[in-house]
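Chemist: Take this structure, written in C-alpha cells, and hold onto it; I'll ask about it next.
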Amino acid sequence: MPHRKHVATRTCSICGKKADKRELVRLVRTDDGIMIDPSGKMNGRGTYVCPGMECQEASDMNDVFRKISRALRVDLTDADRLSIRQLVSS
Ligand SMILES: [Zn+2]
C-alpha cells in the first residue's frame, strides 16, 4: 500500500461540506469576539465556513448566526454578527 499523504479536512459549519482546511475560512472565538483566522493557528475554539460563505442563502443570515453560534458554543454579540456579515461576499 502506498503511503497516502494526509490532508486535513474540515467541515463547513453552515452547509456541512467537507473540504481541505486550506479551502475553508476559519472563524475563532477569542476574548475580543469572533474573528477570522487567516493563519488557522489562533488559539480558541474555531469553526470553518466556505469562503465568502458562498454556500449560504443571503436572505437567511439568522440561520448562519445560529449555526456558528452552536459550532462555537457562544452567544453571538452584535459585534460578532457584524464580523460574520463582513465575511459574506457580494
Ligand atoms: Zn459551506
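Chemist: Just to be sure, is Ile68 β-branched (Val, Ile, Thr), surrounded by fewer than 18 Cβ atoms within 10 Å (Cβ to Cβ) and either away from the ligand (no atom under 16 Å from the Cβ) or closer than 20 Å to Arg22 by Cα (or both)?
Modeler: Working: β-branched (Val, Ile, Thr): yes; surrounded by fewer than 18 Cβ atoms within 10 Å (Cβ to Cβ): no; either away from the ligand (no atom under 16 Å from the Cβ) or closer than 20 Å to Arg22 by Cα (or both): yes.
No.
Chemist: Going through segment 1-48 one residue at a time, which ones are within 10 Å of the ligand (Cβ to nearest atom), over 9 Å from the mean Cα position of the chain (by Cα) and closer than 17 Å to Ile84 by Cβ?
Modeler: If the condition is that a residue be within 10 Å of the ligand (Cβ to nearest atom), over 9 Å from the mean Cα position of the chain (by Cα) and closer than 17 Å to Ile84 by Cβ, then Cys15 is the only one that fits.
Chemist: Please name all residue pairs, on different chains or six or more residues apart, with Cβ atoms under 7 Å, provided the first residue is in segment 16-42 and is over 15 Å from Met53 (Cα atoms) and the second residue is surrounded by 16 or more Cβ atoms within 10 Å (Cβ to Cβ) and among the β-branched types (Val, Ile, Thr).
Modeler: Listed by first residue and then by second, the contacts come to Ile34/Ile84; Met42/Val28.
Chemist: Can you find a residue that is on the phi > 0 side of the Ramachandran plot and loosely packed, with under 10 Cβ neighbours inside 10 Å anywhere in segment 15-35?
Modeler: First, the residues of segment 15-35 that are on the phi > 0 side of the Ramachandran plot: 16, 33.
From what's left, loosely packed, with under 10 Cβ neighbours inside 10 Å: 16.
For segment 15-35, residues on the phi > 0 side of the Ramachandran plot and loosely packed, with under 10 Cβ neighbours inside 10 Å: present.
Chemist: Restricted to segment 50-63, and to residues that are within 12 Å of the ligand (Cβ to nearest atom) and within 13 Å of Gln86 (Cα to Cα), which residue is farthest from the chain's Cα centre (by Cα)?
Modeler: Looking at the filtered set, the residue picked out is Glu54.
Chemist: Related question: Among the numbered conditions (1) surrounded by 16 or more Cβ atoms within 10 Å (Cβ to Cβ); (2) at negative phi, tell me where Glu54 comes up short.
Modeler: (1)
Read-outs: derived from the displayed coordinates by stated rules, not from any lab. No experiment lies behind these values; they were computed from the predicted model shown. Positions of Cβ are backbone-derived with ideal geometry, glycine not excepted, and every protein chain shown enters the neighbour counts.
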